[in-house]
Structures are given as structure tokens and as C-alpha cells.
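So the structure is just underneath, and the comments pick up after that.
Readers should treat all values here as calculations from the given coordinates under stated rules, not as data from a laboratory. Just so it is clear, the model here is predicted, and its values are computed rather than measured. Here the Cβ positions follow ideal geometry from the backbone for every residue, glycine too, while neighbour counts run over all protein chains shown.
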Amino acid sequence: MEHGQGTGKGIFYSPALIAIVPVIAVIADYSLTFLLSGGREFILAYEASPLLRYAVEYDLVLVYSGALVLFYYLAAWLVLVLLRGSDLYAIGVALISLVSLTHFLGGLSWYFRQPLYSDTVIGLSLMCVLIALFLFAYSLSRGWGTMKRMENP
């Protein structure tokens with residue numbers, strides 16, 4: 001029986017359930033942004049995301065947010081399905097969790113409004129990108145078939 005199907009291991013081995021985590025984080029991020037920012041003009045002036053600023057400027061927030069939520073869910077699900085059975089699966093779950101945490105902390109930046117806090121959130125975002133690029137290069141260098149065989153000899 002495959003992990004997560006009646007084994008009692010929780011959501012860790014369920015890509016469909018784990019993919020909900022970044023969706024919740026994005027919804028929390030943007031809810032906090034609009035709740036705590038103080039208005040449209042503050043978002044346009046201080047929001048770190050150029051895509052969100054564009055969406056706010058042209059009244060496309062619902063379309064943009066819906067597309068982003070769909071993208072995050074599908075991307076997280078697809079990555080975890082592809083990594084299932086490899087030695088990188090747990091790292092994929094950790095990276096998705098870190099991206100989700102970064103979104104949530106980004107929404108909270110409107111509460112703290114401190115440059116150091118905002119810079120830390122941006123640093124976490126960059127760290128996520130670097131980790132993803134490193135893992136992609138690592139998986140290419142090891143070969144996909146090798147990683148699958150190591151987990152299931």
C-alpha cells in the first residue's frame with residue numbers, strides 16, 4: 001500500500017492535502033494585507049509584490065488572487081506527485097511549507113511595519129528560490145531514475 005492511503009501517516013504523504021497549505025497561506029497573506037495596510041494607496045506605495053501592486057492598481061485583485069491560488073495548488077501538487085517515492089519528497093514538503101510561511105509572514109509585515117522585518121521576509125523568499133534552484137540542479141546531476149531506485153531498492 002502506498003504511503004498516505006490508510007497507513008495512518010497523516011497528510012505528509014498526500015500531495016493533494018499538502019498543496020492546500022500554500023493556498024491557505026496566500027489567502028491569509030492577502031487578507032492580512034488588505035486588512036492591515038490602511039488602504040489602496042499604501043498597498044500601491046509599499047507592497048513588495050509588483051504583481052499585487054499591478055492587480056490593485058487595475059482592480060484585478062480577485063482575478064489575480066484566484067489565478068495565484070490555482071497556480072500554487074497545482075504547482076505544489078504536481079511537484080509532490082513527481083517527487084513521491086524519491087529522496088527529495090520530504091525536502092519538497094519542507095520547501096512548500098517554507099514558501100507558505102513566507103507568505104503568511106509577508107501578510108504580517110503590514111502589522112509590524114519595520115524595514116528589518118520586511119527585509120527578512122524578502123530574504124526568506126529569495127532563500128526559497130535558491131533552495132528550489134539548488135534542488136533542481138541536484139536532481140538533474142543525480143538523475144531522476146537514481147533517486148527513485150535509492151528509495152525503493
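Once both labels are positioned 7 Å from their Cα atoms along Cα-to-Cβ, the gap between Leu124 and Ile27 label points is 2.0 nm.
Length available on full extension from Leu98 to Leu74: 0.36 nm per residue minus the Cα-Cα distance, which gives 6.9 nm.
Projecting the Cα atoms of Ser31, Phe136, Gly107 onto the charge dipole of the chain (Cβ charges, centred on the Cα centre) puts Phe136 farthest toward the positive pole. Helices in the chain, meaning DSSP H runs of at least 4 residues, each add -39500 (n - 2.57). Divided by all residues, the mean residue ellipticity at 222 nm is -25500 deg cm²/dmol.
Each label was represented as a point 7 Å from its Cα along the Cα-to-Cβ direction; for Arg53 and Arg113 these points are 1.9 nm apart.
With R₀ fixed at 35 Å, the C-beta to C-beta distance from Ala137 to Ile11 puts the FRET efficiency at about 0.80.
Peptides 90-96, 131-137 ranked from most to least packed by the mean count of surrounding Cβ atoms within 10 Å: 90-96, 131-137.
The charge dipole of the chain, taken about its Cα centre with unit charges on the Cβ atoms of Lys, Arg (+1), Asp and Glu (-1) only, comes to about 420 debye.
In degrees, nearest 10, range 0 to 90: what is the angle between the Cα axis of helix 61-83 and the longest Cα principal axis of the chain? Once rounded, one gets 20 degrees. Region 4-80 and region 102-146 have Cα centres lying 15 Å from one another. The chymotrypsin sites (Phe, Trp or Tyr not before Pro) of region 16-83 that DSSP puts in a loop, and whose beta carbon has at most 16 other beta carbons within 10 Å, are Tyr58. Set the Cα radius of gyration of region 52-153 against 2.2 N^0.38 Å, with N its number of residues, and you get 1.32.
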